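Please read the structure below before turning to the comments.
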Amino acid sequence: MSFLNNLFGKKQKAPDIASILPQEIYEAGVLELKDVIAPSALKVTPRALNLGDKIVRTFFVISYPRFLAAGWFSPIINLDKAFDIAIFVHPIDTATVLRQFQKKVAEVQSQISGREKKGLVRDPMLDTAYQDLERLRDNLMQAQEKLFDVGLYISIYGDNETELDKLESEIKSLLESKLIYLKPALFQQEQGFRSVMPIAQDELMIHSKLNSAPLSSLFPFTSFDLTSDKGILYGINRHNSSLVLFDRFSLENYNSIVFAKSGAGKSYMVKLEILRTLMFDTEVIVIDPEREYEYMAEATGGKYFTISLNSPHHINPFDLPIPREDESSTDVLRSNTINLVGLFRIMLGGLTPEEDALIDRAISETYALKDITPDSDFKNVEPPLLSDFELVLAGMEGGDSLVQRLSKYTRGTWAGFINRPSNIDIDSKFIVFSLRDMEDELKPVAMYIVMHHIWTAIRKNLKKRLMVIDEAWWMMKSDDTASFLLSLAKRGRKYYLGLATITQDVDDFLKSSYGLPIITNSSIQMLLKQSPSSIDRVQKVFNLTDEEKYLLLESDVGEGIFFVGLKHVAIKVIASYTEDQIITSDPSQLLAIKEAKKDLETSQGN
C-alpha cells in the first residue's frame with residue numbers, strides 16, 4: 001500500500017492493482033546508478049568528507065610559477081596512491097582579453113614611469129611583468145596563443161586523518177618544490193568533491209589564467225606508459241594502472257628473456273603470453289624441462305612429446321631439411337655437419353682438435369654411405385642413423401677411442417634415445433617437448449637435438465612462430481648448446497621466429513660468455529622477484545637503481561620490471577579466471593582440477 005500511496009498520493013483511493021501499468025510499477029521501483037554507487041553514509045566537515053569507510057579531502061591550485069616545464073605534473077600522476085584529478089579548461093575570448101591587457105599594460109607602464117620620475121631604481125618585477133604582458137599580447141594578436149581560465153583540483157583518499165595528512169604533505173612537497181601551491185577547499189569540500197567526479201561540473205570555479213604553452217604542460221599524458229597500439233597484454237603498469245601492450249613481432253628483434261627466482265611466476269607469465277599469442281595466428285613451440293606445459297597443451301589442442309630414454313618419440317640428428325629456394329644442398333649439408341660436430345662434442349665430453357677433424361670426416365662418409373651428397377635430392381633420401389656413423393668411425397684410423405665413448409648411445413643404456421628414425425610431426429599450432437624424464441646428464445644433449453630439429457623445421461617453412469625455452473640455464477652449461485642458443489637469438493628474425501628464454505639461475509646463465517649477448521639480443525626483458533644472492537649481479541647487468549633493486553626483492557608473485565629497449569616500467573601480471581585454470585602451476589590448483597575431472601568422468605560413466 002505504501003508503494004501505491006507514493007505513486008498516486010495518499011488522498012487518492014488506491015485503484016485496482018491490475019489497472020496499474022507495468023511500466024509505472026517498473027519506474028517506481030527501479031534503482032538509479034547513483035543509488036548503486038553512492039556511499040553508505042556521508043558526513044561533511046570543513047576540511048574533508050567522510051564517504052562511508054573512506055575520508056576524502058579536495059585541494060585546488062592557487063598559484064603557478066612564471067615558467068612551467070614539460071612533465072612537471074608527472075610525479076603527481078604517477079604517485080602510487082588513491083586520488084582523483086580534475087582539470088577544467090575554460091577558453092577566454094581573445095578580443096575581451098586584449099581590451100583588458102591594454103588597460104593592464106597601461107597600469108604597469110604608469111608605475112614604471114612614476115618610479116622613474118621619482119628617481120627610484122628600476123623594479124625588476126615590474127620590468128619583467130611589462131615584458132611578459134607585451135610578449136603575450138603580441139602572441140594573442142597574432143593568434144599564436146590563446147588564454148584560458150584553468151581550474152586544477154585534486155581529491156585524495158585515506159582510511160584515517162593521519163594517512164590523509166601524510167599524503168597531503170607528500171603532494172604539497174612535490175608541487176611546492178616546483179613553486180606551485182595548493183590550498184584545501186575549506187567549507188567547500190562538498191563542491192570540491194563533486195567537481196572531481198566524472199560529470200564535468202566545475203562547482204568550485206577557482207581558476208588561474210594560463211596561456212596555451214603552459215597549459216599544454218598540464219595535460220596528463222606524460223606518465224610512465226610503456227605500450228604500443230597493437231599486440232598482447234603482458235600485464236598492468238604498477239605506476240598508473242595502464243595496460244602494458246606489445247607485439248614482439250613489431251620490435252627490432254622478436255626475442256625476450258625472463259629472469260626470476262623459483263616460484264616468482266616466470267613460467268606463469270610466459271604461459272599467459274603463449275595463450276594470448278595463440279589467438280593471433282602464431283605457432284608456439286616449447287622446450288619444457290619440468291613438465292609444466294602438459295595440461296596447457298591438452299587444453300589448447302596442442303601436441304605433447306616426451307623425450308626420454310624409454311619414450312616412443314624419437315629424433316634422428318642426421319635428418320636433413322629440404323633446401324629452401326635461396327639455399328643449395330651443399331649449404332644444408334655443410335650446416336648440418338657443423339651442428340652434428342657440436343652435438344658429438346657435447347655427447348662425448350669434448351673433443352681434441354684431431355678428434356674434431358676425424359668426426360667431421362666421418363660424418364661426410366656416413367652420409368655418403370647412404371648415397372647422400374651435395375648433389376642429392378633431400379626429399380627422397382633416407383638419412384643414416386647413429387649406428388651407421390659408429391660403423392664408419394670404427395673403420396677409420398684413430399677412431400677406436402671415439403667408438404668406445406659412443407657405444408653407450410648406440411648399444412648401451414642410452415641407445416633408445418637417438419639411434420632411431422624420427423617419428424615426430426610438429427605440424428601443429430602448439431607443440432611441447434617435455435624433457436623432465438630425461439636424466440640430468442643427458443638434458444643438454446636432448447635440448448640440443450630438439451632445438452636443432454625445431455630449427456630445421458622452422459627453416460623449411462616460413463611462418464610466424466614463438467619458441468620458448470624454459471630453464472635455459474641448462475643450455476648454458478655447454479659452450480656448444482649456449483652457442484646454438486645465441487645463434488637462434490641472432491638468426492631467428494630472418495625466419496619470423498621469436499625466442500623466449502626463461503631462467504631462474506642467473507649466475508649460471510651470466511657466467512657463460514654467451515649469456516650477455518643473448519640478453520642484448522632480446523628486445524623484451526622481464527625481471528620478476530629476485531633472490532638476495534643474485535640481485536647485485538642483476539642490478540649491474542640491467543643498470544637498475546637502488547629503488548628498482550629493492551622493488552625486485554620485495555615484489556610479490558607475478559610482479560617485477562618490464563623492459564623494452566631503454567624504457568621500463570614496474571609490471572603486475574594478471575590473468576582472467578579461465579586463463580588461470582589453463583596455465584596454473586600451483587600443485588593445489590592442479591590437484592583440484594584433476595579431482596574435478598575425475599568426478600566428471602565418474603558421473604558421466606554412471
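For the chain, relative contact order (Cα pairs under 8 Å, six or more residues apart, normalised by length) works out to 16 percent.
Nearest 5 percent is fine: what portion of the DSSP beta bridges confined to the chain is antiparallel?
Close to 65 percent.
State whether the stretch 309-357 is rounded, prolate or oblate according to the following rule on the C-alpha gyration tensor (a ≥ b ≥ c being the square roots of its eigenvalues): a/c under 1.5 gives rounded; otherwise a/b larger than b/c gives prolate, and the remaining case gives oblate. Here the stretch 309-357 falls in the oblate category.
From most to least packed by mean Cβ count within 10 Å, the peptides 538-544, 363-369, 121-127 give 363-369, 538-544, 121-127. Phi angles across the stretch 406-417 convert, under the Karplus curve 6.51 cos²θ - 1.76 cosθ + 1.60 with θ = phi - 60°, into 3J(HN,Hα) values of 7, 4, 5, 8, 10, 10, x, 5, 9, 5, x, 7 Hz, Gly and Pro given as x. Taking amide H atoms as placed 1.01 Å from N in the peptide plane, the amide H of residue 181 lies under 5 Å from those of 62, 63, each 5 or more residues away in sequence or on another chain.
Which values, in whole Å and largest first, are the semi-axes of the equivalent ellipsoid of the stretch 52-216 obtained as the square root of 5 times each eigenvalue of the Cα gyration tensor?
36, 19, 14
Sorted by mean Cβ packing within 10 Å, highest first, what order do the peptides 102-108, 479-485 take? Write down the numbers at each step before the final one.
Numbers: 102-108: 12.9, 479-485: 20.4.
Descending packing order for the listed peptides: 479-485, 102-108.
Computed from the C-beta positions of residue 109 and residue 87, the FRET efficiency with R₀ = 45 Å rounds to 0.85.
For the chain, list log₁₀ I(q)/I(0) at each q in 0.08, 0.10, 0.11 Å⁻¹, using the Debye formula over Cα point scatterers of equal strength and ignoring solvent, two decimals each. Treating every Cα as an identical point scatterer, log10 I(q)/I(0) equals -0.79, -0.99, -1.10.
Using Cα pairs closer than 8 Å and at least 6 residues apart in sequence, work out the relative contact order for the stretch 96-199, in percent. In percent, rounded to a whole number, it is 21. The ranking of 303, 477 from fewest to most other beta carbons within 10 Å of each one's beta carbon is 477, 303.
Projecting the Cα positions of 106, 144, 52 onto the charge dipole of the stretch 52-216 (unit charges on Cβ atoms of Lys, Arg, Asp and Glu, taken about the Cα centre) puts 106 furthest along the positive direction.
Sort 497, 186 so the one with the fewest other Cβ atoms within 10 Å of its own Cβ comes first.
186, 497
In a reduced charge model with +1 at each Lys and Arg Cβ and -1 at each Asp and Glu Cβ, the chain shows a dipole moment near 2340 debye about its Cα centre. For residue 477, the lysines whose Cα comes closer than 23 Å to its Cα, not counting residues fewer than 8 places off in the same chain, are 261, 266, 408, 443, 490, 511, 540. Footprinting exposure proxy ranking of 137, 57, fewest other C-beta atoms within 10 angstrom first, gives 137, 57.
Each residue of the stretch 526-540 was assigned a 3J(HN,Hα) from its phi angle through the Karplus expression (A = 6.51, B = -1.76, C = 1.60, θ = phi - 60°), giving 10, 10, 9, 3, 10, 8, x, 6, 10, 5, 5, 5, 5, 4, 5 Hz with x at Gly and Pro. Put simply, when 343-349, 255-261, 428-434, 63-69 are sorted by average Cβ atoms within 10 angstrom per residue, most first, you get 255-261, 428-434, 343-349, 63-69. Quick check on the stretch 52-113: take the gyration tensor over C-alpha atoms, sort the square-rooted eigenvalues as a ≥ b ≥ c, and tell me if it's rounded (a/c under 1.5), prolate or oblate. The shape class here is prolate.
Looking at the square roots a ≥ b ≥ c of the eigenvalues of the Cα gyration tensor of the stretch 235-330, which shape do they give, rounded for a/c under 1.5, prolate if a/b is larger than b/c, or oblate?
Judged from the Cα gyration tensor, the stretch 235-330 comes out oblate (a/c at least 1.5, b/c at or above a/b).
Scalar couplings 3J(HN,Hα) for the stretch 241-253, obtained by applying the Karplus form with A = 6.51, B = -1.76, C = 1.60 to θ = phi - 60°, are 6, 7, 8, 9, 10, 8, 10, 4, 7, 9, 8, 5, 9 Hz; x denotes Gly and Pro.
Every read-out reported here was derived from the displayed coordinates using simple, explicitly stated rules and does not represent laboratory data. Because the structure is predicted, anything quoted here is derived from the model rather than measured. Quick reminder, even Gly has a Cβ in these numbers, built from the backbone with ideal geometry, and neighbours come from all protein chains shown.
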